1. According to a simple spin-label model (label point 7 Å from Cα along Cα-to-Cβ), what is the distance in nm between ASP98 and ASP212?
2. Looking at the range 258-334, which chymotrypsin sites (Phe, Trp or Tyr not before Pro) are DSSP coil and have at most 14 other C-beta atoms within 10 Å of their C-beta?
3. So if each residue of separation counts as 0.36 nm, and I subtract the Cα-Cα distance between THR235 and ALA186, what length gain in nm does that give?
4. Subtracting the Cα-Cα distance from 0.36 nm times the residue separation, let me have the gained length for LYS302 to ALA264 in nm, one decimal.
5. Charges at C-beta only: +1 for Lys and Arg, -1 for Asp and Glu. How large is the resulting dipole of the range 227-385 about its Cα centre, in Debye rounded to 20?
6. Return the FRET efficiency for the residue pair VAL313, GLU391: r is the Cβ-Cβ distance, R0 is 25 Å, and the value is rounded to the nearest 0.05.
7. What is the spin-label model distance, in nm, from ASN115 to ALA153 if the labels are put 7 Å beyond Cα along the C-beta direction?
8. Residues of the range 137-154 with the amide nitrogen closer than 20 Å to a label point 7 Å from the Cα of ASN131, along Cα-to-Cβ, please.
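Read-outs throughout are calculated quantities, based only on the coordinates presented, and are distinct from any laboratory measurement. Since we're looking at a predicted model, the values are computed, not measured. Every residue, glycine as well, gets a Cβ built from its backbone with ideal geometry; the counts of neighbours run over all protein chains shown.
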Amino acid sequence: MLGFLRYRLLPVLLVICACPDEDTVPGPLDTDTASGPGETIGATAALTDSSSGTTMGPTDPAPTPTTSDTEDGSTSGSGGGDVSSTFDPPAACGPPCDSFSSHEGMVMLSGAGANFACVNHIVGDLYVGANAGPQEIASLGNLERVDGSVTIAGNLALTDLSSLACLREVESLKLTGMPQLGDLGALAGLRVAPVLELERLGITALPSFAPDFAGVASVVLRDNDALVDLHAAATWGVAGAPLELRIEGNAVLPGLAGLGGLMAANGANPVHITLFDLPKLVSLTGLEPVVQADLHFERLPKVPHLAPLAGLVSGGQLTFNALPAVTDLEGLGALVSVGTFTIGDCSHGEGGGMDGLTSLVGLDSLASVGHFALAGNDKLASLTGAPQLTEVGSFSSVGNPALGQSDYDAFFTQLAGGVPWGCVGDWGRCECFPVNPG
């Protein structure tokens, strides 16, 4: 009888293997000789005004307009909702104003001729859309603080961010869909931005911020086709734990060495790292300081080994898939415990897997795994290489054609609990499915 495992849902997207539910009750692992082949942003840090020593977080818009010019908390007009402010920007920023005001509510610039020339503080979000004109954007020249998010999306006329040179503090900053935008130098005065998302830009390097920049909690770098240099990240620091990094689809990014300073600043705190679709990445150098991590490394065809992960001791969820040049797990020699450990992939059938691996050699210290999943690893012919592994809560193996019943039997013999729950077999016997806890 096939055993059906009721997996505990974990806080990220996992791909695991289990047997189909045939209205059976959970039971011990049912094995069969393999006969053939068959994806947060993290919490944001509080914003701090260093001049006053007060702590500022997101502020809800006033329930009623603060002036008669505003009918709701969102505007694309000329600053309705503004109130007097003493939060004066530095003298070098923006056009001169007799006085500055604070705007309460969301600000949307979308080509309607908005003018915020003397607004230096937005209590809400700022959105600059594709149709926002140069004069609208230039009217932000005195803006220093946004208590919510700043998003600039799809504005193909924007070649630099000089209109935001006064910006000092935001809750999050997202720049997306502007491949012509290669100059982020105007952000050099930014002091607070715990959440950063840079997507489909023309940048070749990450931006540098103010010397007293308060650090990041979450960074997304996605589909920046010219990005090659991450070294500015070494000066950013960390705003909170766990640190979250997602680096995806950057077509020519050759390395991660620039992340070394950021990882060192994070120390032994947990970090979530996703590296996905990086065809030119030739090394994981820069990840040496990582001690506790969730890792999802997938489709990194030129990464030759996992040696920079030699300091990794524990993992919540580790997934390695489609790293064909990796032939062993030697870089994971200090790893002791893992919640969910997935080697390969079963959601893409024969298209996934760690096809360079022939065994588990390298897992010298691994003692405990909550759920161990192996899928689509065409050359995996032995389960030796993890001599200290005695605790496995559940086990799945599907589409690993070089493994036979004797290999599984030998592996289960070293486990203190004997044969674990799960499913072993070929693609027809053990169905793979995604688990998405939402």
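1. Reported label-point gap for ASP212 and ASP98 is 3.2 nm.
2. none
3. 16.0 nm
4. Details: separation 38, 0.36 × 38 = 13.68 nm, distance 2.48 nm.
Full-extension gain reported as 11.2 nm.
5. 160 debye
6. That gives a FRET efficiency of 0.95.
7. Spacing of the two 7 Å Cα→Cβ label points: 2.8 nm.
8. Zone members listed by number: 137-140, 151-154.
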